[in-house]
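Quick notes on the structure that follows.
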Amino acid sequence: MALSDLSMYIIDLMRLTSCILLPRTFRVAETHRHDAYEAHYVIGGRGSFEIRGVPVSVRGGDFFYTRPGTMHRMDVPKSSYLLQYIAFLELDRRLDAALAHDLHTLLGEGRVRHLGDRYHALFAQLSRQSLSNDAREQRAASARMNAFLYEITLEGHVASREHPAIEQALDFMRSHVDVPYTLGDLVADLGLNR
């Protein structure tokens, strides 16, 4: 096969420019914007974001995105932390119009979807591949991110498939790994009766 014949296999999809795990001590209080789509996958802690002036609470397992130019800021209380992956995506206006439309109509900018922790390994892989010097790794990361975005729009994640109390208990335990706590502390945080 001639090299010129390979052009038919090149697909111009959304490009994942980087996916980084922010340290749990990272806090950005200033309102800012980016020239790219910004996808957030929270893996631990609690906090909130202000997106176009609207506050949105997030916790471990939550996913949301903002579009290019959207003013937003992060707010994490001093007593808490927020551990999250942030992925920056570039979409071609013409070639990626269907994906942009699906993101807007099916997910909604700033609308939080609770996905649980099942995508943690995927985002770790996206981070490693997107920051690689190997162009094939970078393209693989973009393809995986594209597949992930379509997967969550197809599944229509409007709620967790697990019991909310179990999700909250797991979130409490993850956020208190370094601090001793009792069953009573856990029950009180969840608002349950013994």
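The values are calculated or read from the model by the stated rules, or taken from the named source; none is laboratory data. Since the model is a prediction, treat every value here as computed from it, not as a measurement. Neighbour counts run over all protein chains shown; Cβ positions are idealised from the backbone, glycine included. When the accessible area is computed, the model is the full protein with side chains, heavy atoms only, and any ligands, DNA or RNA have been set aside. Shrake-Rupley method; radii C 1.70, N 1.55, O 1.52, S 1.80 Å.
A few remarks follow.
- Placing unit charges on the Cβ atoms only, positive for Lys and Arg and negative for Asp and Glu, gives the chain a dipole magnitude near 260 debye about its Cα centre.
- Computed over Cα pairs, the Kirkwood radius of the chain leads via Stokes-Einstein (0.692 mPa s, 37 °C) to a diffusion coefficient of 181 µm² per second.
- Accessible surface of the chain, 1.4 Å probe, proportion on carbon and sulfur as whole %: 55 percent
- Helix axis angle, 135-155 relative to the chain longest principal axis, alpha carbon, degrees: 60 degrees
- Listed residues Leu107, Leu91 arranged by accessible area, highest first, probe 1.4 Å: Leu91, Leu107
- Cβ charges +1 (Lys, Arg) and -1 (Asp, Glu), total dipole of the stretch 64-122, debye: 160 debye
- Residue-span extension gain [Glu155 to Val54] - 0.36 nm each, minus C-alpha spacing: 33.8 nm
- Note on Leu183 and Arg111: the extension gain reaches 22.7 nm, defined as 0.36 nm multiplied by sequence separation minus the Cα-Cα distance.
- Normalised by residue count, the stretch 31-71 yields a Cα convex hull volume of 60 Å³ per residue.
- Under DSSP loop assignment and at most 14 Cβ neighbours within 10 Å, longest GluC sites (Glu not before Pro)-free interval of the chain: 31-161
- Only protein heavy atoms count here; under a 1.4 Å probe, Ser57 has an accessible surface of about 90 Å².
- Look at the dipole of the chain built from charges on Cβ: of Ile20, His176, Asn133, the Cα furthest out on the positive end belongs to His176.
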